[in-house]
Protein chains: 2
Amino acid sequence: MADTPRSFDSTELGAYFALIEVSSLLRHTVEQQLRGAGDLSYVQFQLLARLGNSPDGSYRMTDLADGVVYSRSGLTYQAQSLEQRGLVTRAPSPDDERSTTVTITQQGRDTLTKVFPGHIAVLDELLFEPLERADVEAMADVLGRVRDHMRAAPPRSAAPRRRRTS
Amino acid sequence: MADTPRSFDSTELGAYFALIEVSSLLRHTVEQQLRGAGDLSYVQFQLLARLGNSPDGSYRMTDLADGVVYSRSGLTYQAQSLEQRGLVTRAPSPDDERSTTVTITQQGRDTLTKVFPGHIAVLDELLFEPLERADVEAMADVLGRVRDHMRAAPPRSAAPRRRRTS
DNA sequence: CACAGATGCTTCGAATCCGAAGCACTAACT
DNA sequence: AGTTAGTGCTTCGGATTCGAAGCATCTGTG
């Protein structure tokens, strides 16, 4: 473990720090906008957005949790909250009694459309404003590759339960 | 407000989503490594790291909070925690009785060195592995500019208390 | 100097978050 | 079918988080 005690040069450090800082700052501002515009937390918005983009407006709990990088128990909490507010419904899946299917309601979609313009405005102002088109493309490309790489590796808590090894 | 209901193209969306996803996934993994290696949360590590990089190993509470994008009350909580564990000390500032100066202790530095190799290993493996040198440079450049832009704008909760305007 | 406003930090209460443990259902193997 | 392992979700307890309010100090102005 930790068998490569190499250190980073300033460019690498800069990239890393900038990444963390930008996402923190962005998240912060977005959070406030969402709270004000539709009384949503960032997580709640992400959940609704994902559901809204789904072809049938629904997902399994686990897939939702993995999608937004969130703990399952945390998702249960938020899903209950959203359900009480009438923004989603929950029902056991037809094919698998264990799993719960979360579906966005019309009211959920309305909330989404109500909140969206402001959300875009914040992103535009904070994230895209200082960037050229090429920068955005580079960012999408580079970060996209990183994401794929991360998703490829054991996505959540590494150790697969068992190795059915020969 | 929201006077620009333009929408994003897929590149922009990709850049945004990738940013969020990458930082979330990264944070998650790093968190676990830190927890295991030195019983630190990510925030605690960030605080120690910042203090460790400071010329005199200390910062004011507010500057620390702004640095890591964190609420003041949250910082108070973590600073107390770190102080109890002997990783930092807190003392009123000499020149301003109001402000508290947080200083990293030798034990804090030791913890930092103990945790660092693993931290670097995670970053190397998860973030830098799929990237060329040029990619890292592009990332540092683009995200660095975004960060500067964000920091330039009213950094925390917008409204300055008063406008001493003419 | 007295005072109002600004600033730095902490306390407080409520919301959110996570991991571990538990419950229910499914799959695989015999 | 019976047994064992795997999977999906929730509950639980404790930790962390934030914003609002409070307290103490500082600063600028009369």
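The values are calculated or read from the model by the stated rules, or taken from the named source; none is laboratory data. All values derive from a computational prediction rather than experimental measurement. Neighbour counts are summed over all protein chains in view; Cβ atoms, including those assigned to glycine, are modelled from backbone coordinates with ideal geometry. Please note that ligands, DNA and RNA were not included when accessible areas were found on the heavy atoms of the full protein model with its side chains. Shrake-Rupley method; radii C 1.70, N 1.55, O 1.52, S 1.80 Å.
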Problem set entry | Given (1) of a type outside the set (A, V, I, L, M); (2) open to solvent by less than 70 Å² (accessible area, probe 1.4 Å); (3) closer than 28 Å to B:Val142 by Cα, index of the condition A:Arg27 fails | (2)
For this session: Could you list all residues from segment B:78-100 that are within 10 Å of DNA strand D (Cβ to nearest atom) and either open to solvent by less than 40 Å² (accessible area, probe 1.4 Å) or farther than 15 Å from B:Arg60 by Cα (or both)?
Result: B:Gln78, B:Ser81, B:Ser93, B:Ser99
Exercise. Residues of segment B:44-65 being in contact (Cβ under 8 Å) with a residue 60 or more places away in the chain and either among the β-branched types (Val, Ile, Thr) or open to solvent by 50 Å² or more (accessible area, probe 1.4 Å) (or both), which ones?
Worked result: none
Exercise. Does segment B:109-135 hold any residues that are more than 16 Å from DNA strand D (Cβ to nearest atom), over 30 Å from A:Val136 (Cα atoms) and in contact with a helix residue (DSSP H, G or I) (Cβ under 7 Å, 6 or more places away or on another chain), and which are they?
Worked result: B:Arg109, B:Leu112, B:Lys114, B:Gly118
